[in-house]
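Worksheet: the structure to be examined is printed underneath.
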């Protein structure tokens, strides 16, 4: 029984995944080492990447490689964050408007799908050409990518309110404001978080991709420089790992925010689990 | 005693020319209620009894102003149902408890007070009295998901009663509960009602339940939904569960059962 509990615990599963991924990586690195002359450029061992992080050698502007990567990451993350907030807020507001008025929903909702269908990342050069500013382009594209998942999920949440609940509020002759703040919006919160969890990593990916369009600061910018051989190849891998970490982190931030806001649910789940064990 | 609710020649047709736009009812184009006439006295406990499709819930919804009748007239407390709803004369209990997961039990019970801007300082006092009444004072700070179905339904009843409504409307409130819990809640409901003296309209499809609880049982029949009999239940109050084993009670049950038409 105890062994079973350990085997199915989430920590154990995480460890298995890490070990599995690392061994696949190392096997591939060994393979590349044998067939290429300069393997560290293409596929270094994990150890080499970690060593490069600790490397105190100054590579540009008085910064070590990891300092350089982190400075650029901050620029990328900041813009992604602003775009994410703007996109999430406008998506949420539009969802409220669509719930409030059937006409707005009819006008807006079918065309919202279009935003999702346009390869907005491909449009990045055009957005850049229009805004003439790489920072603004990052914000715009992160915002647009955030907008749809948040709007569509929140609308689904607002519509999930049961007819009985609506009747209850009607029988108390609650006004529109009360019905929204005490019924519709609280009901839609879990759906809102589903949208936020989808779009947070998307916003960051978008920001990185927009970076590659122009020199300057930003992870994507550094990424294309390092690919062209401008600096140590390990910088490239540091960026890749850091980007992945940021993506996962952004998702985790949403998960934690959700747990804090929906504490009643967490508490209930804990109770339920206690009964099961 | 004066009439609390007067229902005159009420017809309800779903489909063409009738029916509420928002109503989601698959049975379109059917006559849900035909020529219903009923007077409900102040402080009376009345049951609308019938099989599914007899229009009992529709009638309750018309009284509650949750939908409008196609024709006919309904008067509640000297005005229209809409006026009664707007002046918050109704307490409603549905088949499911309809609690809000994100609110504690106490907050759920206080919801009507919040909506009607009742003074904050007095809310706790009232909600605690209500929770005591339904026997849930120990659970005031837990969330609905932590309670059993019967306890959740008690919270729904406490919430419906907290505004001290003139009229309590109940739509099959106990039908999703097991028999033991149902017996207990029926007895509790009678106790609560005898203290509050509100008018109760109770929708059910359980014959024994309607006889046990009511002053009068309105028997409704389907296709078209209509009132086929109104039977006075002259059993003494307060009523105890053991009364259900008496000959009188069983005779009332069979009298009610025999009054159904066309099922």
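At a Förster radius of 45 Å, what calculated FRET efficiency corresponds to the Cβ-Cβ distance of residue A:23 and residue A:59, to the nearest 0.05? Intermediate results must be reported in sequence, preceding the final value.
Values: r = 31 Å, r/R0 = 0.68.
Step by step, r from the Cβ atoms, then E = 0.90.
With a cut-off of 20 Å, note down the residues of region A:174-211 whose backbone N falls inside the zone around a label point 7 Å from the Cα of residue A:103 toward its beta carbon. The answer is A:176-177, whose backbone nitrogens lie closer than 20 Å to the label point.
What are the semi-axes of the equivalent ellipsoid of region B:151-263, taken as the square roots of 5 times the eigenvalues of the Cα gyration tensor, listed largest first and rounded to whole Å? Walk me through the numbers before you get to the answer.
Details: eigenvalues 108, 60, 39 Å².
With the √(5λ) rule applied to region B:151-263, the semi-axes are 23, 17, 14 Å.
Size descriptors for region A:2-43, from the alpha-carbon set: Rg then Dmax equal 15.8, 50 Å.
Using the per-residue mean of other Cβ atoms lying within 10 Å as a proxy for protection, in what order, highest first, do the peptides A:15-24, A:254-263, A:187-196 fall?
A:187-196, A:254-263, A:15-24
The fraction of Cα-Cα pairs per 10 angstrom bin, counted from 0 for region A:64-276, comes to 8, 28, 28, 20, 11, 4, 1, 0 percent, rounded to whole percents. Remark: spin-label model distance residue A:3-residue B:9 equals 8.2 nm, labels positioned 7 Å along the Cα→Cβ axis.
Under a 10 Å cutoff between Cα atoms, tell me which one of B:106, B:88, B:237 has the largest fluctuation in the Gaussian network model of chain B. Top of the fluctuation ranking is B:237.
With a 10 Å cut-off around each Cβ of B:94-106, the average count of Cβ atoms from other chains is 4.
Counting Cβ atoms of other protein chains within 10 Å of each Cβ in A:170-177 and taking the mean gives 6.
Can you check what the Kirkwood hydrodynamic radius comes to for chain B, Cα pairs only, in Å to one decimal?
Values: mean 1/r = 0.0525 Å⁻¹.
That comes to 19.1 Å for chain B.
Per-residue ellipticity at 222 nm for the protein assembly as shown, helices alone: DSSP H runs ≥ 4 residues times -39500 (n - 2.57), over residue total, nearest 500 deg cm²/dmol?
Numbers: 22 runs with 313 residues, N = 540.
Calculated at 222 nm, the ellipticity per residue is -19000 deg cm²/dmol.
The slack in the chain from residue A:121 to residue A:227, taken as 0.36 nm per residue of separation less the alpha-carbon distance, amounts to 36.1 nm.
For region A:1-135, take the alpha-carbon Rg, divide it by the Kirkwood Rh, and send me Rg/Rh. Intermediate results must be reported in sequence, preceding the final value.
On the way: Rg = 23.9 Å, Rh = 20.9 Å.
That ratio is 1.14, to two decimals.
Take peptides B:132-141, B:76-85 and line them up by average Cβ neighbours within 10 Å, highest first, as a rough protection proxy. Show your work: numbers first, answer last.
Values: B:132-141: 15.9, B:76-85: 17.9.
The most tightly packed comes first, giving B:76-85, B:132-141.
Each DSSP beta bridge with both residues in the protein assembly as shown is either parallel or antiparallel, and the antiparallel ones are about 55%.
Across peptide A:71-81, the mean count of Cβ atoms from other chains lying within 10 Å of each residue's own Cβ comes to 0. Using the average count of surrounding beta-carbon atoms within 10 Å as a protection proxy, the listed peptides B:246-253, B:65-72 rank, highest first, as B:65-72, B:246-253. Spherically averaged projected area of the convex hull of Cα atoms, the protein assembly as shown: 35.3 nm².
Ratio of region B:22-118's C-alpha Rg to 2.2 N^0.38 Å, to two decimals? Display every interim value, and only then the final one.
Working: Rg = 15.7 Å, N = 97, 2.2 N^0.38 = 12.5 Å.
For region B:22-118, the normalised Cα radius of gyration comes out at 1.26.
No lab work stands behind these numbers, since they all come straight from the coordinates. What you are looking at is a predicted structure, and each value in this text was computed from that prediction instead of being measured. FYI the Cβ positions are ideal-geometry reconstructions off the backbone, even for glycines, and counts take in every protein chain you see.
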